[in-house]
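The values are calculated or read from the model by the stated rules, or taken from the named source; none is laboratory data. Remember, it's a predicted structure, so these values are computed and weren't measured experimentally. All Cβ positions, even for glycine, are placed from backbone atoms using ideal geometry, and neighbour counts span all protein chains on display.
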Amino acid sequence: MKKAAFLLFLFMTILSCKNEDNQEQEINNIPLELKIERFDQLFDQVNAGNLSKLQSNYPFMFSKKYSDSFWLAKTRDTLQIKLLQEVAKVFPDMTEQEGDIKSLFQHIKFYFPEFKSPRVITTTSFVDYRNRIIVTDTITLISIDTYLGSDHEFYQGIQKYIRQDFNKNHIAVDLASEYAKKYIFQGQNKTLLDEMIYFGKQLYFEDKVIPFKTEAERIGYTEVQLEWARANESYIWRYFVERELLFSTDSKLPGRFINPAPFTKFYLEEIDSQSPGRLGQYMGWQIVRAYMENNDVTLKDMLVASPEDIFNNSKFKPRK
């Protein structure tokens, strides 16, 4: 009996992997043209003679409240020159990033056929890491001076947990995260569970559209941090349940369990120092995964489902 059950499990696993492979092949065959436009390089070459042409091709990059002399002076700014030099070292070309972004867009189009690929444009922003990616229906801007490597000299004044993913491999992850926001619909987050499910939706969206990235990359953890979260799932869940935090509207809870931080604030000395931040996001991710495994629901429908529906029908059980 045990042998038959094992063989059935093995067969179903092989069949599932084959179906996933076929789906990925279908996605890879979706026709999509992508060429990253290097505005950073074009601006580096600008002068009085060709500025007007660049302004004509990229009007949205030039605020009309500034004169031509302002933009020409900016090209001579020592910090701007240094930024462009460092960008050129890390991004002499963007072949790898083009491949990642094309695959991301193909996956989005598979799940959302109405999706139209935007122009993808790189620029510099004097390391404005709070606005690394800007997404609109027709244009996507990437501030590539925020992806030079987490230990780059430009980032030394930024806390380590913030700059941990300031590397070029994270561009597609940030793009996926921004696109998730466009497809998620959820009422105002009132409880900790609402916040957890919102980010769980975002991370599950990443599961589907950037499967070529590791789970650690998708959530912005190191492999060690991800393993800590997995190993302590049962404890984290028990902590939330026993302290009745899931349905709490305490405004301090997102700061403890959801928002970026060097660690999660359980207020337990032996745990806090070891834990990664944002463990509420991680647990929301696992709840949404359980919901999708136990219900016949499309990605599109899940993204607009209520937190209560997802939680009540997830049959979630933490790893032990």
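Identify all residues within region 217-254 that are of a type in the set (S, T, N, Q), in contact (Cβ under 8 Å) with a residue 12 or more places away in the chain and not in a helix (DSSP H, G or I); write none if there are none.
Thr222, Asn232, Ser248, Thr249, listed by residue number.
Consider Ile162 against the criteria (1) hydrophobic (A, V, I, L, M, F, W, C); (2) part of a helix (DSSP H, G or I); (3) within 17 Å of the chain's Cα centre (by Cα); (4) crowded, with 18+ Cβ neighbours inside 10 Å: it satisfies all of them except one. Which criterion is unmet?
It fails just one condition, (4).
Scanning for something over 14 Å from Lys201 (Cα atoms), touching a Phe, Trp or Tyr at 6+ places or on another chain (Cβ under 7 Å) and in a loop (DSSP other than H, G, I, E, B), does region 289-304 turn up at least one residue?
Scanning region 289-304, I find no residue that is over 14 Å from Lys201 (Cα atoms), touching a Phe, Trp or Tyr at 6+ places or on another chain (Cβ under 7 Å) and in a loop (DSSP other than H, G, I, E, B), so the answer is no.
Which is on the phi < 0 side of the Ramachandran plot, exposed (fewer than 12 other Cβ atoms within 10 Å of the Cβ), at pLDDT 95 or above and over 25 Å from the mean Cα position of the chain (by Cα), of Lys3, Lys18, Lys53? Let's see the steps before the verdict.
Numbers: Lys3 fails: at pLDDT 95 or above; Lys18 fails: at pLDDT 95 or above.
Every option except Lys53 fails the conditions.
Mind listing whichever residues of region 89-113 are part of a helix (DSSP H, G or I), more than 14 Å from the chain's Cα centre (by Cα) and farther than 14 Å from Tyr183 by Cβ?
Within region 89-113, Lys89, Val90, Thr95, Glu96, Gln97, Glu98, Gly99, Lys102, Ser103, Gln106 meet the criteria.
In region 90-129, which residue that is without any contact (Cβ under 8 Å) to a residue 12 or more places away in the chain and not hydroxyl-bearing (Ser, Thr, Tyr) is surrounded by the fewest Cβ atoms within 10 Å (Cβ to Cβ)?
Of everything passing the filter in region 90-129, Glu114 is surrounded by the fewest Cβ atoms within 10 Å (Cβ to Cβ).
Restricting to region 114-159, and then to whatever is assigned to a helix (DSSP H, G or I) and not basic (Lys, Arg), can you tell me which residue is nearest to Tyr183 (Cα to Cα)?
Asn131
Which members of region 283-318 meet the condition of being within 24 Å of the chain's Cα centre (by Cα) and of a type in the set (Lys, Arg)?
Answer for region 283-318, where residues must be within 24 Å of the chain's Cα centre (by Cα) and of a type in the set (Lys, Arg): Arg289, Lys300.
For residues that are modelled with pLDDT of 95 or more and among the basic types (Lys, Arg), tally how many sit in region 246-265.
Of the residues in that region, 2 qualify.
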